[in-house]
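To keep things clear, I will list the structure first and then write my remarks on it.
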Amino acid sequence: MPGTISFDGLASGLNITEIVDKLMEVESRPKILKEAEKTRYENQLEAWRELNTKLLTLREKARELWRASTWNTLTATSSDSTVLTATTSSSASPGTYTLQVTQLAQQHMIASEAFSSTSDTVGTGNLVITVNGASTTISLDGTQTLSDLANSINTQTDVDVTASIVNDGTGYRLVLTSDNSGAGYAISLQRDSGVTIFDDPSLGQSNGAPTPAYYDELQAAQDASIQFGSGADPMTVTSSTNTVTGVIEGVTLNLLSAAPGTNVTLTISRDSSGMEEKIQEFVDAYNDAWEFIQQQTAYDEETETRGVLMGDLTITTIKTRLQSIIGDSVDTGGTYTTLRSIGITMEDDGTLEFDSSDFSTAVQTDSESVEAIFRATDGISEQLSDYLWDLTKPYGTIDSREDALDTVIERLEERISEMEERLEERRESLLEQFYRMEATISSFNNQSASLSNAISGLNKNWK
């Protein structure tokens, strides 16, 4: 009995706990069946949740094949990559261009006369440096050295010019370099007469007024020049830099060397490798979802076990619809209309196989119809995306199945809990009955022993 201390079989010799356990095993069978039923529904719920995740992934891969950016991947090929190369953006279009790089853009570079030491002073007065309309004034009081002047120029922020000191073997020369290439970024100097740097009239270049500033032009300020076309009247385009944008829409030209008279062919074409990667990801996602469905609906004859979703009408419908969409023909208006025709074939087990070679050939032959298979209205991407959304959206097909299973599981849990309470009450009742029986037998045994002792005493008295 609950709340009492008992010892099995002291009076009867029976193992009461074992007997009750065996009886409870029999009475627990309905609960065990309910628990197995609950496990089966939990496995179904888990399978639907996993399938939902896989179908969401498949939907995203299908949507990627619908996006224009997937199909606008182009590659630029130069016939002479030592002269120029190019990169493309999504706004580029396929085409072939003939170009000549007649001149590269250069930064202006000038040098002063030579000094015997970097500690030589550079005069008194103002030195004005102008680049592209912006000017800065360096004031000298007669104590500044060549090194001081270079440092002063490099600390100013008004003009884009950099100073350095170079020893050319004859002495130390101040070299000024424009920070930007192009003819519009030439360096212009003005100096007071007391500024002794840039005052050697034997140097080849001079400018500035009223006092000329003399220097050697180490490198001219120069725009890049490109000739388009190979006919009698080619078009000439100039650029202040060797990275040229805006000439061919969506294409950036990278000029590497000047080659007047040498025609370079630039070909902008579809880059099937980027598309192939997206196609393979789509095929992999489809196969992952399909193989999972097959596992959950299969019957193993050797083990005589069935998939947790075997016989489920909803998943059977999903299988049928997926195969229908994949095998569908799309009105592309071109050479290719089916996935099979561009190298995506369905195997006997329902999975997809992707032949990148066939796909690449299709892209080069008729890229517009290949793209339309996925991107046309009612194309493969739109059909799959819409159908998979109906399955996976909140309150959609799978969500409804999951809610129904959750409800069934909750009811089973309540039923199992009730059964457990009744079984516990039954166990306590059985134990109480057996303990009462034990107590009764013990009482009878005590009475029998007393009676035997009394009879034994009487017998002794009669002797």
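The values are calculated or read from the model by the stated rules, or taken from the named source; none is laboratory data. Please read all numbers here as calculations on a predicted model, not as lab measurements. Cβ sites come from the backbone with ideal geometry, for glycine too, and all protein chains shown count toward neighbours.
Annotations for the structure displayed:
- The listed residues are Ala11, Ala62, Ala36, and the only one of them that is farther than 30 Å from Ala259 by Cβ and at pLDDT 95 or above turns out to be Ala62.
- Residue count for region 239-261 satisfying the condition of being over 10 Å from Leu84 (Cα atoms), of a type outside the set (Gly, Ala, Ser) and touching a residue at least 40 places away in the same chain (Cβ under 8 Å): 6.
- Of Arg401, Arg422, Arg321, Arg415, all but one fail to be part of a helix (DSSP H, G or I), crowded, with 19+ Cβ neighbours inside 10 Å and assigned by TED's automatic domain parsing to the domain that holds Glu60; the exception is Arg401.
- Any hit, region 293-308, residues being touching a residue at least 60 places away in the same chain (Cβ under 8 Å), within 32 Å of the chain's Cα centre (by Cα) and either part of a strand (DSSP E or B) or exposed (fewer than 14 other Cβ atoms within 10 Å of the Cβ) (or both): no
- The single condition among (1) surrounded by 13 or more Cβ atoms within 10 Å (Cβ to Cβ); (2) modelled with pLDDT of 95 or more that Asp390 does not meet is (1).
- Residues of region 299-332 classified as out of contact with any Ser or Thr (no Cβ under 8 Å at 6 or more places or on another chain) and within 16 Å of Glu382 (Cα to Cα), total: 6
- Hits in region 173-193 (condition: closer than 18 Å to Ala213 by Cβ, out of contact with any Gly (no Cβ under 8 Å at 6 or more places or on another chain) and assigned to a strand (DSSP E or B)): Arg173, Leu174, Val175, Leu176, Thr177, Ser178, Ile187
- Whichever residue in region 208-232 is part of a loop (DSSP other than H, G, I, E, B) and within 54 Å of the chain's Cα centre (by Cα) and, among such residues, is surrounded by the most Cβ atoms within 10 Å (Cβ to Cβ): Ala221
- Flag for Ser139 being within 34 Å of the chain's Cα centre (by Cα) and either under 30 Å from Ser188 (Cα atoms) or outside the structural domain of Phe282 (by TED's automatic domain parsing) (or both): no
- Summed over region 344-373, residues that are buried (at least 18 other Cβ atoms within 10 Å of the Cβ) and part of a loop (DSSP other than H, G, I, E, B) total 0.
- Hits in region 55-86 - residues which are within 30 Å of Val408 (Cα to Cα) and under 17 Å from the mean Cα position of the chain (by Cα): Leu56, Thr57, Leu58, Arg59
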